[in-house]
Amino acid sequence: MSIADEPLYPIAVLIDELKNDDIQLRLNSIRKLSTIARALGEERTRRELIPFLGENNDDDDEVLLAMAEELGVFVPFVGGVEHAHVLLPPLETLCTVEETCVRDKAVESLCRIGSQMRESDLVEYFIPLVKRLAAGEWFTARVSSCGLFHIAYPSAPEMSKTELRSIYNLLCQDDMPMVRRSAASNLGKFAATVEYTHLKADTMSIFEDLTKDDQDSVRLLAVEGCAVLGKLLEPQDCVAHILPVIVNFSQDKSWRVRYMVGNQLYELCEAVGPEPTRTELVPAYVRLLRDNEAEVRIAAAGKVTKFCRILNPDLSIQHILPCVKELSSDSSQHVRSALASVIMGMAPVLGKDATIEQLLPIFLSLLKDEFPDVRLNIISKLDQVNQVIGIDLLSQSLLPAIVELAEDRHWRVRLAIIEYIPLLASQLGVGFFDDKLGALCMQWLQDKVHSIREAAANNLKRLAEEFGPEWAMQNIIPQVLDMISNPHYLYRMTILQSISLLAPVMGPEITCSTLLPVVITASKDRVPNIKFNVAKVLESIFPIVDQSVVEKSIRPSLVELSEDPDVDVRFFSNQALQAIDHVMMSS
């Protein structure tokens, strides 16, 4: 019998490869499971392949992870949802292994399969599996079981529901912190499936136990539960059960728990509602903003604008603004950076007068911060302030600081300013721009850092698009073309790049009369780098100009360059000539 006719051949190959010493072969065979299942057919996959995988005791985590992933999408290969339960035993085994990522993937696959299974099969196969894992002798099984309750619970009969709730309660009191951590992180998903009466009675008592756990790693996961449970409860129950917990957590002895509260505070405020936030959570938030741990202050500072949106402006000015002033001169640069990334958003919340009186001095101090990231975060959000205080005030107060930053010793700060210039130009208008910022844009073309020169060339193109070709012809083009005679070849290359970018904006007439002659002259430069960049520029310009100009000026110049002694110059000029010929032939 030939190999092709042998019905056992695919599974024989799989078994051989799964037992191979080479991990790559074992991995490949696992990833081909779907192909092998198709070859075997649904019945033999159920009868032979799945039991074999269940018995497979591979010790390599990568292979086990691939198997857990493959089995999650295996329902169609075993005959659809009515046979989905046959996939549970191998995944149950994977739920007990030591490697966390394998267990997590097995739980994810079980959830995927469980959500497709029929209700009767869930009761017969899935719920017993959850109970077995929850009663597992080894903690890994109990950790995995916590992630399956939300799939098992909705389909369970009343008696089983009571049992599942009590089992979950026991898991939350498990001796192993890892099990309690898993129970705490999955509590929100489980609570979403529990009936409201039991949610108030059983689930909230479980939650309260977790919030008093002696391990901070469990308590910080309970912080996430606050927001989830708060959304499930009625407002009055939320205030009664969740609010005291949040207030206690904000004073927790572990900085990691306080950090978690700082991170989650906006979601927690949404859960308890605006009124309790104003009365109870403002003092808690102020405590976090003044926390002695920098990490907590960073988390709290990053939420300052979102928090102020919940409060009215008066409360924000009274309670939050004094803390913001303190944070703007915080000893940690990361705290100042977190504040700078969101503080501009406070301007629309506080209104014009408060922004001018209270926020502008803070903006200015952050713009002059010694740490570049702080300055960058302020620069990138200036438009939010402009909408509130208007351009005149902005230009008087913040523009001098921006001009100072344009010459900052950190090139990334200069780069951020350049990228912001077109937006600033559109806000300031052409007159103001010419007066204050025009000279800067030319100065950047001769910066020592290539990235700055490149960004400056792009900036000129965007300004020409913003203010139009006529403005560019008066204010940009003459100054750019003057720089083509710079003694340093790198600066001359920047000018060529600028011409290439400006030509499409300026149109064929100005390109032919003003830009092209400069490029043609540059083709006689003594530096090969300039010459092959001329070839590139001519290649980009020729589609813009008229056919006669191509034949009269561009082609002769490229032909001359194609005979240059330098190999790169010849390559790029020939490439440009081919591009011209190709366009000619197609037209």
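The values are calculated or read from the model by the stated rules, or taken from the named source; none is laboratory data. Everything numeric here is computed off the predicted structure, so don't read it as measured data. For neighbour counting, all protein chains shown are included, and Cβ atoms are generated from backbone atoms with ideal geometry for every residue, glycine included. Remember, those area values only see protein heavy atoms, side chains included, never the ligands or the DNA or RNA. Shrake-Rupley method; radii C 1.70, N 1.55, O 1.52, S 1.80 Å.
Residue-wise test of (1) at pLDDT 85 or above; (2) not hydrophobic (A, V, I, L, M, F, W, C).
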site	(1), (2)
Ala439	no, no
Lys448	yes, yes
Asn458	yes, yes
Lys461	yes, yes
Ala464	yes, no
Glu470	yes, yes
Leu481	no, no
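Test Asn248 against the stated conditions and say whether it is in a helix (DSSP H, G or I), open to solvent by 10 Å² or more (accessible area, probe 1.4 Å) and closer than 17 Å to Cys269 by Cβ.
yes
Report every pair of residues separated by at least 6 positions or lying on different chains whose Cβ atoms are under 8 Å apart, first residue within the range 295-323 and in contact (Cβ under 8 Å) with a residue 40 or more places away in the chain and open to solvent by 50 Å² or more (accessible area, probe 1.4 Å), second part of a helix (DSSP H, G or I) and among the β-branched types (Val, Ile, Thr). Correct list of pairs: Ile298/Val335; Lys306/Val342; Arg309/Val349; Pro313/Val349. When Gln443, Gln497 are checked against the criterion of being of a type in the set (S, T, N, Q) and within 18 Å of Glu407 (Cα to Cα), a single residue qualifies: Gln443. So for the range 259-269 (the condition being over 25 Å from the mean Cα position of the chain (by Cα) and in a helix (DSSP H, G or I)), does at least one residue qualify? Within the range 259-269, not a single residue is over 25 Å from the mean Cα position of the chain (by Cα) and in a helix (DSSP H, G or I). In the set His198, His150, only one residue is at pLDDT below 80, out of contact with any Asp or Glu (no Cβ under 8 Å at 6 or more places or on another chain), of a type outside the set (D, E, K, R) and assigned to a helix (DSSP H, G or I); that residue is His198.
From the list Val228, Val239, the one residue that fits, being β-branched (Val, Ile, Thr), surrounded by fewer than 21 Cβ atoms within 10 Å (Cβ to Cβ), out of contact with any Leu (no Cβ under 8 Å at 6 or more places or on another chain) and modelled with pLDDT under 80, is Val239. Here the condition is being open to solvent by less than 40 Å² (accessible area, probe 1.4 Å), farther than 21 Å from Glu234 by Cα, under 36 Å from the mean Cα position of the chain (by Cα) and not hydrophobic (A, V, I, L, M, F, W, C); of Ser155, Ser160, Ser182, it holds for Ser182 alone. Of all residues in the range 511-540 being in a helix (DSSP H, G or I) and of a type in the set (S, T, N, Q), which is farthest from Thr494 (Cα to Cα)? For the range 511-540, the residue satisfying everything is Ser513.
When the test is whether a residue is open to solvent by 30 Å² or more (accessible area, probe 1.4 Å) and part of a loop (DSSP other than H, G, I, E, B), Pro565 passes it. Only a single criterion out of (1) of a type outside the set (Phe, Trp, Tyr); (2) closer than 20 Å to Cys512 by Cα; (3) touching a helix residue (DSSP H, G or I) at 6+ places or on another chain (Cβ under 7 Å); (4) open to solvent by 60 Å² or more (accessible area, probe 1.4 Å) is not satisfied by Glu466, namely (2). Taking the numbered list (1) outside any helix (DSSP H, G or I); (2) within 24 Å of Lys161 (Cβ to Cβ) in turn, Val228 passes all entries but (1).
For the range 324-350, the tally of residues that are in a helix (DSSP H, G or I), open to solvent by 30 Å² or more (accessible area, probe 1.4 Å) and either over 23 Å from Ile379 (Cβ atoms) or polar (S, T, N, Q) (or both) stands at 2. Is it the case that some residue within the range 541-550 is closer than 16 Å to Arg492 by Cβ and of a type in the set (Phe, Trp, Tyr)? Within the range 541-550, not a single residue is closer than 16 Å to Arg492 by Cβ and of a type in the set (Phe, Trp, Tyr).
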